[in-house]
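A short write-up of the structure that comes next.
The values are calculated or read from the model by the stated rules, or taken from the named source; none is laboratory data. Not measured: the values here are computed from a predicted model. Note that each Cβ is placed from the backbone with ideal geometry, even for glycine, and that neighbours are counted across all protein chains shown.
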Amino acid sequence: MKDKYPTFEKLTVLMITSMKNVIFLFLLCFSLTMQSQDFSDIDENEMPQEIEKINDEILKNPSGDNYYLRGYYYYLNKDYLAAIADYNKAISLDPNNYRFYYSKGNTIIKLKDYKQAIECYTKSIALNNTIQKAYFNRAYSKTMIDDAKGAIDDYTKSISINPKYLQAYQNRGIIRSKLNLHKEAILDFDKVIEIDPKFVEAYQNRAISKAMVNIDAKSDFDQVVNLTPDDPEAYYNRAIYFINFKIKGDYCSDIKKSVSFHFDAAVELLSKYCK
């Protein structure tokens, strides 16, 4: 039977715009990827009508499923407090449904209460320890409270459930690189690229980890430029690599290309290295 409940996951991506002997800029961002089978065709503009419909259903049948569904609609409508209230009601009616805790955790993340989100995912996992995204989302939450080891453990668990879980490899690699575990990070980025050869951030991050352990990273920087020819940072990062590691090559062409996109940091390099 198909799972009718909506599921969510977080994806974190690390973008790095400088190299050795230059201040690293870590821009950690995440996006929400929502997967839903029965409800994926619902437009946000239709949420008020859908909520009215489920209000009537709750009057007839105040079940945990119906409160959960209304909570999901509230979530889509960005009314997170109302969504949490309905998830709490659903849990009170059916405390053994792992989905209720899971979706409550996803909603709490929107409010940036990561410790409470971790509690929700932990309860969800206790009820069903085969859901890869529960470990993934708990790992993300642990990252946000600086529990790097706990996050790595959870990403590793999600990978054990799904060995092709690209986002889990990517995020684990990001954490390992931030901990200066670059050889381990490279293995994670290798796996990301194996799964998706066009995942540009993996090439960028792998290039940086390679550089930090004195492995030739030029081919990875080249691939970033090939995949994103309109991104000024791609040219800028390759130039920084050439300069800092004394790699032979026409890095001034990269700097000038980056300047042509009005990338301010490249303007500074141009005046310093390409007079």
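Residues in region 217-249 that are in a helix (DSSP H, G or I) and among the charged types (D, E, K, R): Lys218, Asp220, Asp222, Glu233, Arg238.
Looking at this structure, is Lys183 assigned to a loop (DSSP other than H, G, I, E, B) and touching a helix residue (DSSP H, G or I) at 6+ places or on another chain (Cβ under 9 Å)? Explain how you work it out, then say what you get.
Working: assigned to a loop (DSSP other than H, G, I, E, B): no; touching a helix residue (DSSP H, G or I) at 6+ places or on another chain (Cβ under 9 Å): yes.
Spelling it out, it is not the case that Lys183 is assigned to a loop (DSSP other than H, G, I, E, B) and touching a helix residue (DSSP H, G or I) at 6+ places or on another chain (Cβ under 9 Å).
Applying the condition of being surrounded by 24 or more Cβ atoms within 10 Å (Cβ to Cβ) and closer than 21 Å to Asp113 by Cα to region 152-174 and asking which residue is nearest to the chain's Cα centre (by Cα) yields Asn171.
Which residues, counting only those in region 130-151, are among the charged types (D, E, K, R) and either within 12 Å of the chain's Cα centre (by Cα) or assigned to a helix (DSSP H, G or I) (or both)?
Residues of region 130-151 that are among the charged types (D, E, K, R), as a first pass: 133, 138, 142, 146-147, 149.
Answer for region 130-151, where residues must be among the charged types (D, E, K, R) and either within 12 Å of the chain's Cα centre (by Cα) or assigned to a helix (DSSP H, G or I) (or both): Lys133, Arg138, Lys142, Lys149.
Go over the candidates Asp86, Asp188 one by one and state the one that is within 23 Å of Ala207 (Cα to Cα), acidic (Asp, Glu) and at pLDDT 95 or above.
When all the criteria are applied, what remains is Asp188.
Considering region 194-223, the residues that are β-branched (Val, Ile, Thr) and more than 21 Å from Glu268 (Cβ to Cβ) include one that is surrounded by the most Cβ atoms within 10 Å (Cβ to Cβ), namely Val200. Asn21 meets each of the listed conditions (1) at pLDDT below 95; (2) in a loop (DSSP other than H, G, I, E, B); (3) farther than 30 Å from Gly173 by Cα apart from (3).
Scanning region 250-275 for residues that are outside any helix (DSSP H, G or I) and either touching a His at 6+ places or on another chain (Cβ under 6 Å) or in contact (Cβ under 8 Å) with a residue 24 or more places away in the chain (or both) turns up Phe261, His262, Phe263.
Residues checked against (1) of a type outside the set (Phe, Trp, Tyr); (2) under 20 Å from Lys157 (Cβ atoms):
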{"position": "Tyr169", "(1), (2)": "no, yes"}
{"position": "Arg172", "(1), (2)": "yes, yes"}
{"position": "Leu179", "(1), (2)": "yes, yes"}
{"position": "Lys183", "(1), (2)": "yes, no"}
{"position": "Ala207", "(1), (2)": "yes, no"}
{"position": "Ile215", "(1), (2)": "yes, no"}
{"position": "Gln223", "(1), (2)": "yes, no"}
{"position": "Pro229", "(1), (2)": "yes, no"}
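Of the helices (runs of 4 or more DSSP H) lying entirely inside region 42-112, those containing at least 2 residues that are surrounded by 23 or more Cβ atoms within 10 Å (Cβ to Cβ) are 64-76, 80-93, 98-110.
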